[in-house]
Amino acid sequence: MIKVGIIGATGYTGAELVRLLSGHKEAQMVGLTSRTYKGEPFWKVYPHLRRYTSLECEELHLAGLIDRVDVIFTALPHGHAMEVAVEVSRRGKVLIDLGADFRLRDARVYEEWYRVEHTAPDLLGQAVYGLPELNRNEIKNAWLIANPGCYPTAAQLALAPLLARDLVEPDSVIIDAKSGVSGAGRKTSLTTHYAETNENFRAYNVGIHRHTPEIEQELGRIAGRDMRVSFTPHLVPMTRGILATVYVKLKKFKDGDELQAIFEDYYQGESFIRVLPAGMLPQTKAVAGSNYCDLGVVADPRTGRAVVLAAIDNLVKGASGQAIQNMNIIFGIKETEGLEHPPVYP
């Protein structure tokens with residue numbers, strides 16, 4: 001059994017790790033840390049997990065926790081995983097970081113966008129960006145995984161088939177994405193207060209969202225050149241889900257049948273990518289609670305554009321499910337283990 005520790009277990013992504021790992025046949029959770037709830041049974045914090053874990057939340061004793069496990073998941077705000085990574089490196093274990101600390105390859109870019117000093121820049125070159133459908137071979141031999149952000153996951157999976165074939169006009173990419181409120185985390189704030197969010201729909205951080213450099217960095221890797229995109233996130237009054245609508249100008253127009261074939265070919269054999277039939281479009285409720293990404297592509301002959309839509313659950317394929325998918329790859333077990341359940345509907 002793979003022994004697992006989760007640092008920051010009582011946030012939403014931490015709780016999703018516990019939920020998913022409780023049904024994993026090859027993994028055993030042995031440590032769940034929480035500053036706020038130390039000493040409390042985990043199921044008292046999240047009553048839906050009663051009978052699925054008997055562990056209590058514990059105070060973090062980093063070296064001791066690492067010694068007890070094979071893999072650490074950090075479900076922490078940015079700036080807090082660097083110290084953990086240094087200690088995990090010393091002790092020869094695996095770290096899967098669900099935060100942003102190792103996603104950007106340049107420490108200066110990280111510091112510019114996140115306003116935090118990067119205290120482990122020497123480890124950036126060892127980190128592998130953990131989007132399995134694009135980086136599976138690199139993930140297999142990694143000890144440090146930078147689990148992608150939720151918006152970047154949807155954007156990359158939507159764009160990869162077109163960029164990999166050099167079909168997109170440079171600087172034409174527009175990413176219009178909407179997220180449920182759980183993407184902001186469990187901590188209360190005026191922004192995510194019920195009365196502020198319910199029956200409201202708004203854009204935020206237009207042109208300055210911290211996921212922008214991550215999106216551009218990874219799209220650039222796929223395209224083989226620098227990328228600049230227009231990315232606008234929106235907050236919608238739902239709990240879970242991301243729907244990204246991506247507009248691109250094609251170098252040479254492709255009709256709907258051609259685009260459909262490109263996407264189906266690119267993702268052939270991928271367990272968690274569902275390229276929907278022509279005429280059927282992704283929706284967030286169809287992926288809720290699952291590790292699936294639903295994709296739809298439409299040709300717009302009037303403008304010469306392709307419109308690609310991607311739907312994911314921001315807490316699963318956009319965070320915890322993808323993290324477990326990475327763990328499965330690293331430890332050489334079935335990639336879908338613990339993640340094969342269908343979405344929850346309605």
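The values are calculated or read from the model by the stated rules, or taken from the named source; none is laboratory data. This is a predicted model, so every value here is computed, not measured. Every residue, glycine as well, gets a Cβ built from its backbone with ideal geometry; the counts of neighbours run over all protein chains shown.
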*Within the range 125-136, can one find any residue that is among the aromatic types (Phe, Trp, Tyr), modelled with pLDDT of 95 or more and under 17 Å from the mean Cα position of the chain (by Cα)?*
yes
*Of the residues Thr191, Thr232, Thr245, which single one is hydroxyl-bearing (Ser, Thr, Tyr) and outside any strand (DSSP E or B)?*
Thr191
*If you take the residues of the range 3-36 that are surrounded by fewer than 19 Cβ atoms within 10 Å (Cβ to Cβ) and touching an Asp or Glu at 6+ places or on another chain (Cβ under 9 Å), which of them is nearest to Pro343 (Cα to Cα)?*
Lys25
*How many residues are assigned to a loop (DSSP other than H, G, I, E, B) and touching a helix residue (DSSP H, G or I) at 6+ places or on another chain (Cβ under 7 Å) when one looks only at the range 255-266?*
0
_Filtered residues of the range 155-188 (kept if hydrophobic (A, V, I, L, M, F, W, C) and not in a helix (DSSP H, G or I))_ = Leu167, Val168, Val173, Ile174, Ile175, Ala177
*Would you be able to tell me the number of residues in the range 135-170 that are within 25 Å of Arg228 (Cβ to Cβ) and surrounded by 19 or more Cβ atoms within 10 Å (Cβ to Cβ)?*
21
*Count, please, the residues in the range 111-153 that happen to be of a type in the set (Lys, Arg), under 30 Å from Asp294 (Cβ atoms) and either part of a loop (DSSP other than H, G, I, E, B) or free of Cβ contacts under 8 Å to residues at least 60 places away in the same chain (or both).*
0
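Scanning for something of a type outside the set (Val, Ile, Thr) and either within 17 Å of Leu309 (Cβ to Cβ) or in contact with a Ser or Thr (Cβ under 7 Å, 6 or more places away or on another chain) (or both), does the range 193-204 turn up at least one residue?
Looking through the range 193-204, at least one residue is of a type outside the set (Val, Ile, Thr) and either within 17 Å of Leu309 (Cβ to Cβ) or in contact with a Ser or Thr (Cβ under 7 Å, 6 or more places away or on another chain) (or both).
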*Output yes when any residue across the range 295-310 is farther than 19 Å from Leu167 by Cα, touching a residue at least 24 places away in the same chain (Cβ under 8 Å) and surrounded by 20 or more Cβ atoms within 10 Å (Cβ to Cβ), and no when none is.*
no
*Right, Asp255: buried (at least 19 other Cβ atoms within 10 Å of the Cβ) and charged (D, E, K, R) or not?*
no
